[in-house]
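Asks: This is the structure I have questions about; it appears just below.
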Amino acid sequence: MKIVTGNDLKTGDVIWWTGSGWSRHLVDAADVGEDGEAIIARESAAQKVFDGYVVDGEMTDAGPRPAHIKDRMRALGPSVRLDLGVQAKGPVHVSL
Amino acid sequence: MYRYDQYDQAMVDARVAEFRDQVERRLSGAMTEDQFKPLRLMNGLYLQLHAYMLRVAIPYGTLSSTQMRALADIARKYDKGYAHFTTRQNVQYNWIQLKETPDLLADLARVEMHAIQTSGNCIRNISSDQFAGVAGDEVIDPRPHAELLRQWSSFHPEFSFLPRKFKIAVIASDADRAAMRLHDIGIRIVRRDGVLGAQVFAGGGMGRTPMIAPEIRDFVPEDQMVSYCEAILRVYNRHGRRDNKYKARIKILVHETGADKFREEVEAEFAHMQPLDLDPPRAELARIKAFFAPPEYAAIEDGYDTSDPDFRIWAETNLFPHKQPGYAAATISLKPVGGIPGDASAEQMDIVADLAARYSMDEVRVTHAQNLVLPNVRQDRLYALWQELDAAGLAPANLDRASDIIACPGLDYCSLANARSIPIAQEVAKRLAPIEREVGALQIKMSGCINACGHHHAGHIGVLGVDKKGVESYQLLLGGSAAEDVSLAKITGPGFDERGIVDAIETVTSVYRDAREGDERFLDTYRRLGMAPFKEALYDKA
């Protein structure tokens, strides 16, 4: 699957494209197929997200899993500070 | 300590106002990210893995209690209650929000600090010896010269768009505690025939192509130091490569040109510049030096009670001899075993600020090894200081020992990183801490990518994290030093996985313990024996 991610302009938070908007939770990410670049262009122009890019991944029973550890780290938060990042607010369906 | 004059303050205040306007325009959509990105970077605001990151400059690693307290307040008010001290004596905040950045910078400006030129292809924060001004082996306190270079390089219009970033370190002793020769320009303040001046090195650096800076000038009088640096920068600006980011640092230019030819070009430029009278007037250096006049020390003698064995261990490990009898410089290790190297909570920073005010004449230093220093402590108050540090978790007795590991943020925070470095540092520290006093001086340095922010090339033992088909892998290096016996570490051979690298470090440490002679450090044993016995132990186990 193809996932679109970026950062929220005001806060810098990591966000994922859900198909109709943005979420801070990877589990909400949609498979964008071949539309990734078009979504990034459109959403960047709207000035709410920046540094968007397309991530390779796979859909598991628990939810989307990015192929690269860097993106899984972004979905969780620092592995050395479990009290920070999205992981601090509750269980995340992926591990590193 | 140096205090801003009206010009310094006006420049910083104006930049805050300018950036506030730029942020407003970005948030309103009037400016695109492509337009805004170079502007935010000029103000030290990066985008990292999880959020915006702000890098704040700490000139030559010197802070007042007031400034340290302000850094703690910022950690609480704008971040998540902590900060990270870096290998360039700076401090970074990892969870900054764009909309709050102008207010944060205004808070910094109130205590004469900023984040200007902590990113971008310009002259970065000037670093120095953490014991500047108190070390018995220095010719003179090098910080006035560093401050002069800070003023010269701040907003220098000719050097705001260099081929690549540019780092300068200034020391004033034969001992090198600032990795001076691994900088783009390294300066050692020396005295020749009674005259103060600078011995100048250029073309050093780490990163993907590590180089030790060759000497470019044996001596330039101190009142021509600025124009000599300007001549080096001009030659670099003219000939440095702009077509390839990976070959754009001055080290590549010096290496490819050859030190002799590079020196000729610098000397020609320097000669050309002399009639232009570009050096600051002597009175300016004298004005700056006055800010660094030694404080009023008490007339006391050396000596303190070491009957508490835990205190004695800390004192033997973490104290540095002071040039003033009866005083010592105390290193506060930010390397608790299992902790994150260089991180300090806002509460710890407040405590350090308070201790600096009560025990160290209001001064704190940041070291390139990611520790803090109280430079002016009366020896008869060391025990009381240690008790307070210990109560705050700030008294690890491990300076330059196996658990005093330099580690970059790595893949836990950094968008450039290929592998995590902090968890490796934590595991290595746990593994070696029980034997570190017996092992003695051992500098382990870890980077999560080739950019070498964790100085792996300069570690007695270095670790470089790489991406091996999407999996973290670690190369082991041996034999590096950032000190006066500077050398670059060499890779042992094939890399290791996350667990294997910890075992490998334990293995080479065991080889050293078995083979050392007398008081040899790990580095000395490695230099005597070479790579072979270490390699054999690592790879020929079958």
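Asks: Which helices, counted as full DSSP H runs in chain B, have an axial Cα extent of no less than 18 Å and a Kyte-Doolittle average of -1.0 or above?
Replies: Going by DSSP H runs, the hits are B:6-28, B:65-78, B:225-239, B:259-273, B:346-359, B:498-515.
Asks: For chain B, which cysteines have no second Cys with its Cβ under 4.7 Å from theirs?
Replies: B:122, B:229, B:414, B:449 - these cysteines have no disulfide-compatible partner (Cβ-Cβ under 4.7 Å) in chain B.
Asks: Can I ask one more? How large are Rg and Dmax for the stretch B:406-539 when calculated on the C-alpha trace, in angstrom?
Replies: For the stretch B:406-539, the Cα-based Rg and Dmax read 13.8, 44 Å.
Asks: Just the number: Rg to Rh for the stretch B:303-413, Cα atoms, Kirkwood Rh, two decimals. Walk me through the intermediate numbers first.
Replies: Details: Rg = 13.6 Å, Rh = 14.1 Å.
Rounded to two decimals, Rg/Rh equals 0.96.
Asks: Once a ≥ b ≥ c are taken as the square roots of the eigenvalues of the Cα gyration tensor of the stretch B:135-290, is the result rounded (a/c under 1.5), prolate (a/b larger than b/c) or oblate (a/b not larger than b/c)?
Replies: Prolate, because a/c is 1.5 or more and a/b exceeds b/c.
Asks: Which value at 222 nm does chain B reach when only helices count, each DSSP H run of 4 or more adding -39,500 (n - 2.57), with the total divided by all residues and rounded to the nearest 500 deg cm²/dmol?
Replies: Working: 17 runs with 199 residues, N = 542.
Roughly -11500 deg cm²/dmol at 222 nm, from the helical runs in chain B.
Asks: Right, another one. How would you rank B:113-121, B:506-514, B:144-152, highest first, on the average number of other Cβ atoms within 10 Å across their residues? Before the final figure, lay out the partial values.
Replies: Values: B:113-121: 22.3, B:506-514: 17.6, B:144-152: 24.2.
Top to bottom by mean Cβ count within 10 Å: B:144-152, B:113-121, B:506-514.
Asks: Classify chain A: rounded, prolate or oblate, from the alpha-carbon gyration tensor (a ≥ b ≥ c, eigenvalue square roots; a/c under 1.5 rounded; otherwise prolate if a/b is larger than b/c)? Mind showing how you got there, number by number?
Replies: Working: a/c = 2.04, a/b = 1.29, b/c = 1.58.
Oblate is the answer for chain A, as a/c is 1.5 or above yet b/c matches or exceeds a/b.
Asks: At 7 Å along the Cα-to-beta-carbon direction for both residue B:155 and residue B:301, put a label point, then send me their distance in nm to one decimal.
Replies: 5.4 nm
Asks: Using mean Cβ contacts within 10 Å as the protection proxy, how do B:412-425, B:154-167, A:35-48 order, highest first? Kindly include the intermediate steps, with their values, before the conclusion.
Replies: Working: B:412-425: 25.1, B:154-167: 17.1, A:35-48: 15.1.
With the highest mean Cβ count within 10 Å placed first, the list reads B:412-425, B:154-167, A:35-48.
Asks: Calculate how steeply helix A:36-45 sits against the longest principal axis of the alpha-carbon atoms of chain A, using the helix alpha-carbon long axis, and give the answer as 0 to 90 degrees to the nearest 10.
Replies: Helix A:36-45 sits at roughly 80 degrees to that axis.
Asks: I would also like to ask the following. Could you tell me the relative contact order of chain B? Use alpha-carbon pairs under 8 Å, at least six residues apart, and round to a whole percent.
Replies: 13 percent
Asks: Within 10 Å of each Cβ in A:3-12, how many Cβ atoms from other chains are there, averaged over the peptide?
Replies: 5
Asks: Next question, about the same structure. Summing Lys, Arg as +1 and Asp, Glu as -1, what charge do residues with Cβ under 11 Å from the Cβ of residue B:481 carry, residue B:481 excluded?
Replies: Its environment carries a net charge of 0.
Asks: How much length is gained on full extension from residue B:268 to residue B:255, taking 0.36 nm per residue of separation minus their Cα-Cα distance?
Replies: Working: separation 13, 0.36 × 13 = 4.68 nm, distance 1.88 nm.
Between residue B:268 and residue B:255, full extension yields an extra 2.8 nm.
Asks: Next question. Taking a ≥ b ≥ c as the square roots of the eigenvalues of the Cα gyration tensor of chain B, is the shape rounded (a/c under 1.5), prolate (a/b larger than b/c) or oblate?
Replies: Rounded.
The numbers here are math on the coordinates, done by the rules we state, and not lab data. For clarity, every value in this text was computed on a predicted model and none was experimentally measured. Here the Cβ is made from the backbone with ideal geometry for all residues, glycine too, and neighbour counts use every protein chain on show.
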